[in-house]
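Colleague: Here it is, the structure in full.
The values are calculated or read from the model by the stated rules, or taken from the named source; none is laboratory data. Only a predicted model underlies this, so the values are computations on that prediction, with no experimental measurement involved. Cβ placement follows ideal geometry from the backbone for every residue including glycine, while neighbour counts extend to all protein chains displayed. Ligands, DNA and RNA are excluded from the accessible area calculation, which covers all protein heavy atoms including side chains. Shrake-Rupley method; radii C 1.70, N 1.55, O 1.52, S 1.80 Å.
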Amino acid sequence: MVWLLWLLALISALLAYNVRHPAYRPGRRATLSFFAGWLTDELALHHIGVQALVAIALVTHGGAHGFMGKLGVLVLLGSWWALWKSYWKADQAAEVVERALREALGNDYRERVRPQLRQHWPRAIDWKAVAFPFPIRHPDVERHRDILYRRAAGVNLRLDVYRHRSHPENCPVLLQIHGGGWVIGSKNEQGLPLMIHMAARGWVCVSVDYRLSPHATFPDHLVDVKAALSWIREHAAEYGADPNFVAITGGSAGGHLAALLALTPNEPEYQPGFESRDTAVQAAVPMYGVYDFVDRFHTFHNPEIHHLLESRVMKAALSEAPEAYEKASPIARVRADAPPFFVVHGDHDTLVPVEQARHFVAALRAVSRQPVAYAEIPGAQHAFDLFPSLRCLHVVYGIERFLAFVYSRYLDATEREPKTGSAALQ
């Protein structure tokens with residue numbers, strides 16, 4: 001039993017070390033570090049609880065016998081302490097997000113949000129959701145599944161609509177784009193904590209599928225999400241939504257597509273067959289996205305990203321198609337009339353380096369006439385928001401405040417100029 005206790009202690013210690021010191025290079029090691037660090041850190045309390053139960057069983061059967069057994073217990077306790085400290089680092093996300101919003105929107109931004117939008121803002125973390133993160137749902141939210149919005153290249157593309165069961169009218173819309181390196185993923189498993197939270201607050205949330213590589217070649221992915229936005233403008237009112245106010249969000253590849261969609265409104269090149277449709281959005285919240293395919297600042301530590309883009313997404317090397325890579329880079333598409341942005345990225349991201357977000361935010365702030373908020377989340381890995389955790393909920397609550405602020409401005413502008421309220425945010 002002593003050696004089993006030591007095995008548990010070593011695994012626990014390695015996991016705790018990886019959380020605090022993730023591997024950024026070389027390639028496959030960074031991917032392994034991501035999965036281990038992401039699941040361990042966001043579920044640290046669950047890890048400690050399960051390990052404690054196993055340790056108690058081993059100690060009861062003699063696992064702590066002798067010097068080596070007692071040393072194994074000390075190593076185990078030390079790793080738990082490290083995990084505990086790392087987990088509570090996630091609580092810093094609340095301060096970081098709030099500071100980012102105050103810097104971008106003003107210290108009085110909360111008071112400028114309409115009372116009906118802030119009266120139900122959470123005053124504390126939903127610890128029940130943290131303790132029992134699955135399944136991700138809310139009793140007040142209903143989901144309309146697998147609505148066909150487009151057929152392209154022989155692929156049926158579908159979306160899901162989340163809305164409040166009371167069916168309110170004229171609700172703002174949040175469009176969620178899943179990640180997965182442009183090659184995997186679906187509308188079913190990403191962005192759920194944010195969408196469920198916002199739908200419970202009266203927003204209509206739409207999660208979309210799009211064509212994936214290698215079947216698709218960029219910009220097919222962007223064309224599809226623009227088609228989904230066109231569908232929203234035409235059909236969202238059937239689900240109680242105001243099609244004139246649409247915010248967009250997404251993580252990883254979805255963050256890239258969200259940012260690029262927000263920065264390429266109404267561009268005919270990306271709207272074949274629906275060139276006249278309005279594809280402008282009123283706010284964008286890209287999370288841990290890729291913003292520079294060209295990698296002009298040499299931020300990609302993982303060479304597999306270049307290989308992925310060349311072999312599956314772009315189907316050409318950067319040297320062969322520099323213009324295509326440039327046009328696919330949100331950092332190259334920044335513009336003065338960009339909508340308000342809230343960029344979120346973790347400082348422990350081993351898949352997409354945080355420097356991508358820093359450079360993108362700097363470029364956007366240099367030209368945009370609208371607020372650009374940026375929150376660099378302490379200790380956060382890639383995809384930290386896939387299920388409710390302490391860190392995830394702090395960020396979700398902050399996104400709600402940001403979107404409520406932008407939506408309040410939209411309502412104010414609409415009341416002043418009913419025919420041009422949507423354009424007033426641009």
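Colleague: Show me the helices (runs of 4 or more DSSP H) entirely contained within the stretch 94-210 in which 3 or more residues are open to solvent by 40 Å² or more (accessible area, probe 1.4 Å).
Modeller: 115-118, 127-131
Colleague: Within the stretch 227-238, identify whether any single residue is at pLDDT 95 or above, out of contact with any Leu (no Cβ under 7 Å at 6 or more places or on another chain) and closer than 21 Å to Leu411 by Cβ, and answer yes or no.
Modeller: yes
Colleague: So the check is Cβ under 7 Å with 6+ separation or different chains; which pairs have a first residue in the stretch 226-245 that's surrounded by fewer than 23 Cβ atoms within 10 Å (Cβ to Cβ) and a second one that's part of a helix (DSSP H, G or I)?
Modeller: That search, which allows pairs on different chains as well, returns Pro243/Ile232; Pro243/Arg233; Pro243/Ala236; Pro243/Ala237.
Colleague: More than 11 Å from Leu175 (Cβ to Cβ), in contact with a helix residue (DSSP H, G or I) (Cβ under 7 Å, 6 or more places away or on another chain) and surrounded by fewer than 19 Cβ atoms within 10 Å (Cβ to Cβ): is that true of Pro268 in this structure?
Modeller: no
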